[in-house]
Amino acid sequence: MRLSKKYGMEGEELREILDALSERTRYSILEALSQKPMTGDEIAESVNRSRSTVESHLSLLLRLGLISRRRDDKRYLYEITPKAEAWLNQEVPKTDITIEKKYPKFGRLSSSLPLTLTLAMAMTMMYFFINSFFIPVPLWLFSLLFGLLIAPLCPILRRLLLSILSSALILSILPPLFIFQSNSLLEFFLSFLVSLSLIAAISLPLWYVSRLLMNRARIRV
């Protein structure tokens, strides 16, 4: 028997229920109500959320028919419905309705360490030649662009640090090769440390913010 026939659900309603149950607070509310009927204040205390937050979740659960509400003396009691119990007890039969996660367009970014390092080195070399032979470009501006483009391609911090390290090395090695400067070892290390510090100082916060935003949008790398 199909799910839509047994529980009176259409495909869109089924999607809404799955989305509702994927939220931890709403699932905790149903688990709490499966033990006993509760008032709104009791639910808020049980799931450790504010009353206003709980009210918004209860409104959605009521609309989807996962809970019911009845008046008891001068208060309202919320109860779990058989439909919700079926979900909690995993009694819902398989259905031919396909539930697809709605990711944003280009929801999966294909990247690897070699690809990321290649892009980082190419950007650095391009910056060096533009800055040396065409238009002076401040290092902080390059670091900003570097962070914006490279950070989203680095799911782990180690990959970003390797990209930053390779970029700083290139910026320290290229000047003696192409501008014919006879830099001493000390000048090389100073140039490397300055480049490394500035790129890292700008790129690391951008990486952290990009990971937060991508996790919220469920974009995977």
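Starting at the first residue of region 20-33, write each ³J(HN,Hα) from the Karplus equation 6.51 cos²θ - 1.76 cosθ + 1.60 with θ = phi - 60°, in whole Hz, x for Gly and Pro.
The phi angles translate into 5, 6, 6, 8, 4, 5, 5, 5, 5, 4, 5, 5, 5, 6 Hz.
May I ask you to compute the full-extension gain from Arg24 to Leu148, defined as 0.36 nm times their residue separation minus their alpha-carbon distance, rounded to one decimal in nm? Walk me through the numbers before you get to the answer.
Numbers: separation 124, 0.36 × 124 = 44.64 nm, distance 3.19 nm.
Extending this stretch completely gives an extra 41.5 nm.
Taking all pairs of distinct Cα atoms, average 1/r, flip it, and tell me the Kirkwood hydrodynamic radius of region 113-217 in Å to one decimal place.
Details: mean 1/r = 0.0711 Å⁻¹.
This gives a value of 14.1 Å.
Short version: ³J(HN,Hα) in whole Hz for each residue of region 127-140, in order, from phi by Karplus 6.51 cos²θ - 1.76 cosθ + 1.60 (θ = phi - 60°), x for Gly and Pro, what are they?
Ordered by residue, 3J(HN,Hα) equals 4, 4, 5, 5, 5, 7, 10, 10, 10, x, 10, x, 5, 5 Hz.
Between Leu204 and Phe188, what is the spin-label point distance in nm, taking each point 7 Å from the Cα along the Cα→C-beta axis?
2.6
Using the per-residue mean of other Cβ atoms lying within 10 Å as a proxy for protection, in what order, highest first, do the peptides 129-139, 78-88, 43-53 fall? Walk me through the numbers before you get to the answer.
Working: 129-139: 11.5, 78-88: 17.5, 43-53: 14.4.
Per-residue mean Cβ counts within 10 Å order the peptides as 78-88, 43-53, 129-139.
Using r as the Cβ-Cβ distance of Glu45 and Arg70, and R0 as 25 Å, what FRET efficiency do you calculate, to the nearest 0.05? Don't skip to the end; give the middle numbers.
On the way: r = 20 Å, r/R0 = 0.80.
After rounding to 0.05, the efficiency reads 0.80.
Using 1/(1 + (r/R0)^6) with R0 = 41 angstrom and r between the beta carbons of Glu55 and Thr118, what's the FRET efficiency to the nearest 0.05?
The value I calculate is 0.20.
Each reported figure results from applying straightforward, stated rules to the coordinates on display, with no laboratory input. Keep in mind it's a predicted model, so treat the numbers as computed, not measured. No Cβ is skipped: glycine too gets one built from the backbone with ideal geometry, and neighbour counts run over all protein chains shown.
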